[in-house]
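Below is one structure, written out as structure tokens; the observations come after it.
The values are calculated or read from the model by the stated rules, or taken from the named source; none is laboratory data. Note that this is a predicted model, so its numbers are computed, not measured. Cβ atoms come from the backbone with ideal geometry, glycine included; neighbour counts cover every protein chain shown.
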Protein chains: 4
Amino acid sequence: MQLGMIGLGRMGANLVRRMVDGGHECVVYDHNADAVSALTTEPNTTGVSSLAELAAQLSAPRVVWVMVPAGAITTGVIEELAGTLEAGDIVIDGGNSYYRDDIAHAKVLADKGIHLLDCGTSGGVWGRERGYCLMVGGDRAAFDHVEPIFATVAPGVDAAPRTPGREGEIAQAEKGYLYCGPSGAGHFVKMVHNGIEYGMMASIAEGLNILHHANIGKQDQQGDAETAPLSNPEFYRYDIDIEQVTEVWRRGSVIGSWLLDLTASALQKSPQLEEFAGRVSDSGEGRWTVIAAIDEGVPAPVLTTALYARFASRQLFEFGAKVLSAMRKQFGGHDEKSG
Amino acid sequence: MQLGMIGLGRMGANLVRRMVDGGHECVVYDHNADAVSALTTEPNTTGVSSLAELAAQLSAPRVVWVMVPAGAITTGVIEELAGTLEAGDIVIDGGNSYYRDDIAHAKVLADKGIHLLDCGTSGGVWGRERGYCLMVGGDRAAFDHVEPIFATVAPGVDAAPRTPGREGEIAQAEKGYLYCGPSGAGHFVKMVHNGIEYGMMASIAEGLNILHHANIGKQDQQGDAETAPLSNPEFYRYDIDIEQVTEVWRRGSVIGSWLLDLTASALQKSPQLEEFAGRVSDSGEGRWTVIAAIDEGVPAPVLTTALYARFASRQLFEFGAKVLSAMRKQFGGHDEKSG
Amino acid sequence: MQLGMIGLGRMGANLVRRMVDGGHECVVYDHNADAVSALTTEPNTTGVSSLAELAAQLSAPRVVWVMVPAGAITTGVIEELAGTLEAGDIVIDGGNSYYRDDIAHAKVLADKGIHLLDCGTSGGVWGRERGYCLMVGGDRAAFDHVEPIFATVAPGVDAAPRTPGREGEIAQAEKGYLYCGPSGAGHFVKMVHNGIEYGMMASIAEGLNILHHANIGKQDQQGDAETAPLSNPEFYRYDIDIEQVTEVWRRGSVIGSWLLDLTASALQKSPQLEEFAGRVSDSGEGRWTVIAAIDEGVPAPVLTTALYARFASRQLFEFGAKVLSAMRKQFGGHDEKSG
Amino acid sequence: MQLGMIGLGRMGANLVRRMVDGGHECVVYDHNADAVSALTTEPNTTGVSSLAELAAQLSAPRVVWVMVPAGAITTGVIEELAGTLEAGDIVIDGGNSYYRDDIAHAKVLADKGIHLLDCGTSGGVWGRERGYCLMVGGDRAAFDHVEPIFATVAPGVDAAPRTPGREGEIAQAEKGYLYCGPSGAGHFVKMVHNGIEYGMMASIAEGLNILHHANIGKQDQQGDAETAPLSNPEFYRYDIDIEQVTEVWRRGSVIGSWLLDLTASALQKSPQLEEFAGRVSDSGEGRWTVIAAIDEGVPAPVLTTALYARFASRQLFEFGAKVLSAMRKQFGGHDEKSG
């Protein structure tokens, strides 16, 4: 198929390469002209310098994939496309948009007869090689039209052994992409995916942190009234080689996972991770997942505490912690211990 | 009554003063002779320089209150008393001992016919004036013998309005002390009390921290891919005077409490709490409460996360946070943001 | 002063009584005529049968207190008042409105020159007697005009001992009401107040639940592979009288609080609380507090897990729990144990 | 090598089969004679009817693998082996023992000159086919002697692609087994592994539960004061096919993992999981992991809340929830809603 790509950052550029490898033809645009020229060395890839030109180069019904930062920038592109494309055309938002924005964007485009597909795209920097896991929402007929693109971008059925019990024809999900429902459903599913990701990451991180401190019984125990004594130091005298532990868990254990593979790889490069300060960012989906849980009225304590651990890593509880110390000073005369 | 006090720190000395005020006669000992002489200026207070001398000064059955740091020091005193006192004597451990230690200590003393009462003592630096809330475990007859002491040390019935529905004779608990059950029961109840204290403190601290950040919408929002954007800054443009808020909540609100009174007092002195760094200590009971919940198999997520917030305030998740950053770098190419 | 009250439910009716007691004159309206006639037996209280009539009975600038359910009903009343009142009039929303709605409502009224004060009102069914803690947002001049009403409704300075360090003139907050800032600030502070309330309540509930199970070591321990064994039953053989424990904590302990008083009162009436099933509702503020924490990017794990415990009490994790059991069956062949 | 196996349950029997497949010779014992005879149909497998006979059939230094329930049963077997085996023999505890018990058991055996290796064994019912991930603690020389057995039981290097950056000779961990340190180190690492497992499982379960409720906006919203209203039902109108979602995530997504594979498989068999009630057991390691975190003083909120969700699924917060409802009744006159 023929497809326009808007946004040639790491993700957008790799998507184009994967599409071209799969036999599709791409017209590419970025507000940065250098990004455009860098990519047009690929076969079957044509660069353009405006959305109008992009529209002109594509045959109707046009298919345009938008891969730009979520939020105001995506909204701006959607609004510009509403004025550039024609009824029957299809826009795919492959970024990390909030699914509520998809619903709004879909209305903007629907007023012009243009379809929006929201496409949650997981795979990170590895997707060029492994393929991207795609979760898609929006108009079903539009999805069906674009399906060959999704099939190319996705990892394909061979990326995992077949689930026991599945038989006969290969289902869509088994190819690594899924039509999830009406507008927003794709990014909703992707949002929850990232929420789970936060929880899994925190699970591994907390476990390794416990292993990291498993030799605390070898240290001198402070004996003052401000410190809970370790009553059984003999149980905490292990120097665990955490790099090797993550490696051994990769084979046969219940927690085998891609995140564990990546952790083993990071520790292989840097067993103490000195190059990191431990200030962990979050980019929205974790927050939105928690808000969804709260709106639905269902408990999500694991995903939420995983999110909060990131906030805390950025010292955002500092005032609250001062309040705690101040209360202890008030009722017990406790002074803060120095670090 | 006549009573021996071992340990004349802030708590021990104030207990002696309150007992003497109540008409009791005290024989006092501390390993620091200065602490002894400082206290013997009080009326009806005799200083001694050894446990043997303490025993000699008291008439049988002797009553000895131990108020020394929990753990090894308390154990040492208990063992020494086992060799110094006589069958029928009564030892009260008023410190912050782990209730499991009480069970062991009671056995050591019971071998000599000596009774141990474990006495959880709440009230902090304010107890001299307000009285101490006492939770007592051990032999019931020993408790009954010592009850006049507890009645003096406790706040007394006037410290709170009568609970609606209570009628007739004043119950023990209404006087501010309670026989809770066999050995360890007193410190068990005190342990859970402190667990609740952690949760209440964290509740106030988290709430005030949210108020402290209520003006985040006035700040420039960073627009990069590593930061979840604040989509609705117009909802976070409040400069809340937190000192006044804690003051207003003291009257008529549902969260009125002594901890809130103390928080208001701390903020009155120092509205920004600059003198605190926010490194919050914990002294054992919070940990033991969580371990009790786990042994019992009952959920205690609020008390536990309150405890963990203290650990985190002391940077004890640093390695785990580095693992999180390392994973993000691996799958998404994300670099850590600087602080 | 003269004041109109819209909404004569428990809270509205008690507010009217307290205002009349304080020397104010009330014109009252409810969509239920019986509620109106029931209240007009009070002195200085006039009933009306429509908002138009209410407006006619009040002298300009009119002061109208709205005390109806938050959400659509409040919005409807606000919109009707926008068409009924005049420039310079003042509306007080004393219900549990979301502070974001206040901002919208204030705009609707401001278009007509009418002021909205949002007034978080804490005190529950006890406020008639104890007074209500008031947290107010909106136009400062409007607040100043209405202040005599707030002073009457609030508990007054005698409701709590003065905070140590406060000297000289009595501050507003010491009287039990506080101007918190522009539109929404009052309900924002009230929202966080309720968030703290959830955390404090859960702290007490978790602690008492641990005490309730403190005799688990007396029970036969199930010895199968599906049940974590209790390795130390000797530490869990206490039958704690929880009613008495809550009573003793009321005097001198660090966790003394109004919520503890109420808990003691509830347990006095019903030590086992058999009349409750344990399905705990939530009415919005706890959720909004968590959403505020997330928007601000600050951790609030205690307040959040307190909220989630309520969701879980209503069986809203059932599908998730089934997923857990299904996974255990898959990897370990574990069958679910019956209840 | 020659090896004795004690305990021929599912795990023990499969271990024997895997060892025999790998060329080792097994002498097998179980207190259930049928289990012994069932297994002696395998090649190179000899059944015995007592530990004495087991010892007699093995050449010194004997290697005996114990695969019986953790706790009292394991302790009994260890003690019996201390009286049956000889100095220089090696016992492997491959069950789910608490690492603290290993330390005690190792001392019992060391008094007779016998070595104990504690061997955390992950893999569940799938280990026969996939191999078992092994984490071993104890005497290093004993480990080296037995290593050929571990190499056979483990999944082997081909079970996962090599971690990028690893070069040259294959490390021990890459073969799926690891010497972790002195006595208890193996089960300590296995314990933390299971703690992580709890967190990962809960992450998936919470995420799927959020997807399961994504259609809540289609339901009638209750409009009473006891229910937080869903202010934006238009955002929760998705009927997500959760079986397909778990399938699509298996390919290319960041959360790809064995637990996800198993979840997809369970949902393939039973999309609504009706056969489960959602009462989730826990078998000890999760609890011990949390206790380790607390003893070390490091935060583990995700692993802990995952554990607590299991407790809550078994209705172990019932009394606490009643306390919450009782408080709400007290301060607000709120009645509990029926289910």
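For A:Val157, the conditions (1) closer than 26 Å to D:Pro161 by Cβ; (2) over 16 Å from the mean Cα position of the chain (by Cα); (3) touching a residue at least 60 places away in the same chain (Cβ under 8 Å) are fulfilled apart from (3).
Scanning the stretch D:311-327 for residues that are facing chain C (nearest Cβ under 7 Å) and not aromatic (Phe, Trp, Tyr) returns D:Ala312, D:Ser313, D:Glu318, D:Gly320, D:Ala321, D:Lys322, D:Val323, D:Leu324, D:Ser325, D:Ala326, D:Met327.
The requirement of being touching a residue at least 40 places away in the same chain (Cβ under 8 Å) and among the small types (Gly, Ala, Ser) is satisfied by D:Gly138. Of all the residues in the stretch D:183-218, those that are out of contact with any strand residue (DSSP E or B) (no Cβ under 6 Å at 6 or more places or on another chain) and not in a helix (DSSP H, G or I) number 3. Among the numbered conditions (1) of a type in the set (S, T, N, Q); (2) touching a residue at least 12 places away in the same chain (Cβ under 8 Å); (3) in contact with a helix residue (DSSP H, G or I) (Cβ under 6 Å, 6 or more places away or on another chain), the only one that D:Thr121 does not meet is (3).
The residues on offer are D:Ala70, D:Ala35, D:Ala56, and the sole one that is outside any strand (DSSP E or B) and over 22 Å from D:Ile114 (Cβ atoms) is D:Ala35.
Might you check whether a residue that is in a helix (DSSP H, G or I), under 20 Å from C:Arg17 (Cβ atoms) and at pLDDT 95 or above occurs anywhere in the stretch C:129-140? The answer is no, given that none of the residues of the stretch C:129-140 is in a helix (DSSP H, G or I), under 20 Å from C:Arg17 (Cβ atoms) and at pLDDT 95 or above.
Considering only residues that are within 19 Å of D:Tyr179 (Cα to Cα) and more than 7 Å from chain D (Cβ to nearest Cβ), which ones fall in the stretch A:245-279? Result: A:Thr246, A:Leu267, A:Pro271. Taking the stretch D:172-189 as the range and being within 8 Å of chain A (Cβ to nearest Cβ) and buried (at least 21 other Cβ atoms within 10 Å of the Cβ) as the test, the residues that pass are D:Ala173, D:Glu174, D:Lys175, D:Gly176, D:Tyr177, D:Leu178, D:Cys180, D:Gly181, D:Gly184, D:Ala185, D:Phe188, D:Val189.
Scoring C:Ser203 on the criteria (1) more than 30 Å from B:Val192 (Cα to Cα); (2) within 9 Å of chain B (Cβ to nearest Cβ); (3) among the polar types (S, T, N, Q) leaves a single failure, condition (1).
Only one entry of B:Ala326, B:Ala266 meets the criterion of being farther than 27 Å from A:Glu197 by Cα and in a helix (DSSP H, G or I), and that entry is B:Ala266.
Taken together, the residues in the stretch C:71-90 that are farther than 15 Å from C:Asp101 by Cβ and β-branched (Val, Ile, Thr) amount to 2. In this structure, B:Pro161 does not qualify as assigned to a helix (DSSP H, G or I), at pLDDT 95 or above and surrounded by fewer than 21 Cβ atoms within 10 Å (Cβ to Cβ). I want to confirm something. Restricting to the stretch C:124-134 and keeping residues that are at the interface with chain B (Cβ under 8 Å from one of its Cβ atoms) and either without any contact (Cβ under 8 Å) to a residue 24 or more places away in the chain or of a type in the set (Ser, Thr, Tyr) (or both), which single residue is farthest from C:Val153 (Cα to Cα)? That would be C:Gly124. Number of residues in the stretch D:309-323 that are in contact with a Leu (Cβ under 9 Å, 6 or more places away or on another chain) and within 26 Å of A:Ile204 (Cα to Cα): the value is 3.
Results for (1) of a type outside the set (Phe, Trp, Tyr); (2) surrounded by fewer than 21 Cβ atoms within 10 Å (Cβ to Cβ); (3) over 21 Å from D:Ala292 (Cα atoms); (4) within 24 Å of the chain's Cα centre (by Cα), shown as yes or no for each residue.
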site: B:Arg237; (1), (2), (3), (4): yes, yes, yes, no
site: B:Arg251; (1), (2), (3), (4): yes, no, yes, no
site: B:Gly256; (1), (2), (3), (4): yes, no, yes, yes
site: B:Gly278; (1), (2), (3), (4): yes, yes, yes, yes
site: B:Asp282; (1), (2), (3), (4): yes, no, no, yes
site: B:Val290; (1), (2), (3), (4): yes, no, no, yes
site: B:Ala306; (1), (2), (3), (4): yes, no, no, yes
site: B:Ser313; (1), (2), (3), (4): yes, no, no, yes
site: B:Lys322; (1), (2), (3), (4): yes, no, no, no
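Does B:Thr289 satisfy the criteria of being part of a helix (DSSP H, G or I), more than 7 Å from chain C (Cβ to nearest Cβ) and at pLDDT 95 or above? In short, no.
Applying a threshold of 6 Å to beta carbon distances and a minimum spacing of six or more residues, or different chains, the list of pairs starting in the stretch A:198-213 at a residue that is within 14 Å of A:Val245 (Cβ to Cβ) and ending at one that is of a type in the set (Ser, Thr, Tyr) and at pLDDT 95 or above reads A:Ile204/A:Thr263. For A:Glu197, the stated conditions hold: it is at pLDDT 95 or above and either at the interface with another protein chain (Cβ under 7 Å from one of its Cβ atoms) or more than 20 Å from the chain's Cα centre (by Cα) (or both). The combined condition, being at pLDDT below 95 and either assigned to a loop (DSSP other than H, G, I, E, B) or polar (S, T, N, Q) (or both), is not fulfilled by B:Thr121.
Filter the stretch B:324-338 down to residues that are in contact with a helix residue (DSSP H, G or I) (Cβ under 9 Å, 6 or more places away or on another chain) and polar (S, T, N, Q) and give me whichever is surrounded by the fewest Cβ atoms within 10 Å (Cβ to Cβ). So, considering only residues that are in contact with a helix residue (DSSP H, G or I) (Cβ under 9 Å, 6 or more places away or on another chain) and polar (S, T, N, Q), the one surrounded by the fewest Cβ atoms within 10 Å (Cβ to Cβ) is B:Gln330. For the stretch B:273-290, the condition of being among the aliphatic types (A, V, I, L, M) and farther than 30 Å from C:Tyr238 by Cβ holds for at least one residue. Give the residues of the stretch A:59-99 that are surrounded by fewer than 21 Cβ atoms within 10 Å (Cβ to Cβ) and more than 28 Å from A:Thr289 (Cβ to Cβ), sorted by residue number. Passing the criteria: A:Ser59, A:Ala60, A:Pro61, A:Glu80, A:Ala82, A:Gly83, A:Thr84, A:Glu86, A:Ala87, A:Gly88.
To keep it simple, each residue is scored yes or no on (1) in contact with a helix residue (DSSP H, G or I) (Cβ under 9 Å, 6 or more places away or on another chain); (2) surrounded by fewer than 21 Cβ atoms within 10 Å (Cβ to Cβ).
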position: D:Met1; (1), (2): yes, yes
position: D:Gly7; (1), (2): yes, no
position: D:Arg10; (1), (2): yes, yes
position: D:Met19; (1), (2): yes, no
position: D:His31; (1), (2): no, yes
position: D:Ala35; (1), (2): yes, yes
position: D:Ala38; (1), (2): yes, yes
position: D:Thr41; (1), (2): no, yes
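Number of residues in the stretch B:294-314 that are touching a residue at least 24 places away in the same chain (Cβ under 8 Å) and either in a helix (DSSP H, G or I) or over 15 Å from C:Leu211 (Cα atoms) (or both): the value is 10. Looking at the stretch D:173-193, is at least one residue at pLDDT 95 or above, in contact with an Asp or Glu (Cβ under 7 Å, 6 or more places away or on another chain), over 16 Å from A:Ile240 (Cα atoms) and among the charged types (D, E, K, R)? Yes, because at least one residue in the stretch D:173-193 is at pLDDT 95 or above, in contact with an Asp or Glu (Cβ under 7 Å, 6 or more places away or on another chain), over 16 Å from A:Ile240 (Cα atoms) and among the charged types (D, E, K, R). Select from the stretch D:147-171 the residues that are farther than 29 Å from D:Val66 by Cβ and within 7 Å of chain A (Cβ to nearest Cβ) and list them in ascending order. Within the stretch D:147-171, D:Thr163, D:Pro164, D:Gly165, D:Arg166 meet the criteria.
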